[in-house]
Amino acid sequence: MEYLVGIILLLSFFALAFYCIKGYNLMIGFLIITVIWTVLPLAGTMFVSADFLAENEILQFSGAKGLVSILNKIYQSAPEGWGTTLVNVCWGAWFGRVLMDTGIASTLIRKTVELGGDKPMVTIALLNIVTALIFTAMTGAGPVIAIGVIVLPILMSLGVPKAIAMFSFMGSVAAGIYLNPVNFAQYRAFYITPDEMPDFTLGWYAFHWGYAALLIMLVVTTVLAGIYLAKSKTSHAWAAQRRNAASEQRNALMYTLILPIVPVVLKIAFDFSVIGGFVISGFLALFLCGRMKGTFSENCQLVNKLYYDGVVDTAPLVGFLLTLPMFNSVASYASPYFKVILGNVMPKSELTVCIVFAVLLFMGLFRGPMTLVGCGAATLGVLSNVASFSVPFLYSVFAIPTITVNIGSCITQSWVAWGLAYTKVESKDFLKLSIPNAYITGVLQYIAVFVMLGGLGAAWFA
């Protein structure tokens, strides 16, 4: 009977993958799969063998009281445990809105363009670096769009074909996400609660692998953009209009341009509070850029509006994050059945995991079974329960398809979809550029994962 339940659970897993690929609502999808994975494993305990139950203590419960305790853990305690992650997301979204409202983000972009002059490749390289730095602090569709409406017209005004401009910008955004404290907290919660493994901080992760992941993606994206540019014909479709519009905007003060990276530096260097860093840098930006010159009531309204706009930017993500911990919790009850079906198939060595995931990177596209913002949480639940891997190793293994492939290369990502509509780039033209980048970057990052966090890295960073 355990084999039958396992097969049905596996089929539901593939149904979830298809659901995600079709682009349906993730919150509803994970809520449905959570209910299915609650009913099947718990109901299955009435029919499975005694030996199977004896080997899996997690499935042993007695009476209605035991069942209610399990349901409370899945549908109440699990979402409550993600409070810290949601708070980080909301404050990070507010900080992103502050950087846009004060003009700091746009000033960084314009100063970078002035430095690059009329040399497209130099400008691409500089803009990629600055964009990556900006998105170590900012996150969400709103900030990406706000920066995109500055960067993309500038690149196209320099004669960079719009597909290459799109590919380069989205790749550099994804590179910055590797060191973004909000995204780190969000993805970390897939593996452990905030109270577990206190040493697995953003600073530890950045030193042991995060810097390498960011640099690999930034370098590969920039090099490929140069290769694509050399093979293409230049086009000056949007030239004068957008550059004139950009030049009319007022620049923020030069010494405020370091504020976007202050929260990240404080977190990595001193393990300082992420929210504290956002609050300090955010209010400094508002005061130094002259946005707090009104009355006390007016200043309060400004801060409130920026917070409101930031939360609106992240509303779909918040809904997903409130559903996902339910799924993570219920996956532990489904995992014994998956072990029966997949226990002898799933890779059990770090080298094999890295090779398999590198080959299957395409499954990070279209919310596939490798990306945590798709149905990768199910794959994680299966993999983590059939073998013993460290949390930092698993975090990095799943971060690559989630960030490199999905966030930076997939047309189902919200801001990529916006970019395609904004630039009038065909999705196939974008994927022709982004998929090679995803594979080259991903393979190099998996090599780094194995060397720095796998068997070779264990002795170096013990």
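None of the figures in this text is laboratory data; all of them are computed from the coordinates on show. Remember, predicted model here, so these are calculated numbers, not experimental data. With ideal geometry, Cβ positions are generated from the backbone for all residues, glycine too; neighbour counts draw on all protein chains shown.
Helix 414-423: angle to the longest alpha-carbon principal axis of the chain, degrees 0 to 90, nearest 10? Its long axis makes an angle of about 40 degrees. For volume of the Cα convex hull per residue in Å³, the listed values are (1) 130; (2) 173; (3) 144; which was obtained by calculation from the structure presented? Structure-derived value, by its label: (3). Short-range pairs are left out: with C-alpha atoms under 8 Å and at least six residues apart, the relative contact order of the chain is 25 percent. Here the gap between residue 145 and residue 426, fully extended at 0.36 nm per residue and compared with their Cα-Cα distance, gives a gain of 99.3 nm.
For helix 211-231, report the angle its Cα long axis makes with the longest principal axis of the Cα atoms of the chain; keep it between 0 and 90° and round to the nearest 10°. Helix 211-231 sits roughly 60 degrees off the main axis of the chain. Above 25 Å lies some portion of the pair distances; for region 47-206, what is it as a whole percent of all C-alpha pairs? Distances greater than 25 Å cover 50 percent of the Cα pairs.
Positive end of the dipole of the chain (Cβ unit charges, origin at the Cα centre): among 264, 109, 307, the Cα lying farthest that way belongs to 109. Sequence-ordered 3J(HN,Hα) estimates for region 288-295 from the Karplus curve with 6.51, -1.76 and 1.60 and θ = phi - 60° stand at 5, 8, x, 8, 10, 8, x, 6 Hz, glycine and proline given as x.
The protection proxy used here, the mean number of other Cβ atoms lying within 10 Å of each residue, ranks peptides 347-356, 62-71 as follows, highest first: 347-356, 62-71. A full extension of the chain between residue 50 and residue 201 corresponds to an added length of 50.2 nm, given 0.36 nm per residue minus the alpha carbon distance.
According to the square roots a ≥ b ≥ c of the eigenvalues of the Cα gyration tensor, what is the shape class of region 262-331, taking rounded for a/c under 1.5, prolate for a/b larger than b/c otherwise, and oblate for the remainder?
Taking the square roots of the gyration eigenvalues as a ≥ b ≥ c, region 262-331 is oblate.
Computed from Cα atoms, the angle from the helix 162-177 axis to the main principal axis of the chain rounds to 60 degrees. Listed cross-link partners 73/348; 162/432; 119/162; 119/432; 111/231; 267/305 are compared with a 19 Å cut-off, the Cα-Cα value being larger for 73/348; 119/432; 111/231; 267/305. With bins 10 Å wide beginning at 0, the percent of Cα pairs of region 380-449 falling in each bin runs 19, 40, 27, 13, 2. Sparsely packed loop sites in region 38-117 (the chymotrypsin sites (Phe, Trp or Tyr not before Pro) outside DSSP H, G, I, E and B with at most 12 other Cβ atoms within 10 Å) comprise 47.
About its Cα centre, the chain has a charge dipole of approximately 1360 debye under the convention of +1 per Lys or Arg Cβ and -1 per Asp or Glu Cβ, with nothing else charged.
In the chain, helical runs assigned H by DSSP with n ≥ 4 each contribute -39500 (n - 2.57); averaged across all residues and rounded to the nearest 500, the mean residue ellipticity at 222 nm is -22500 deg cm²/dmol.
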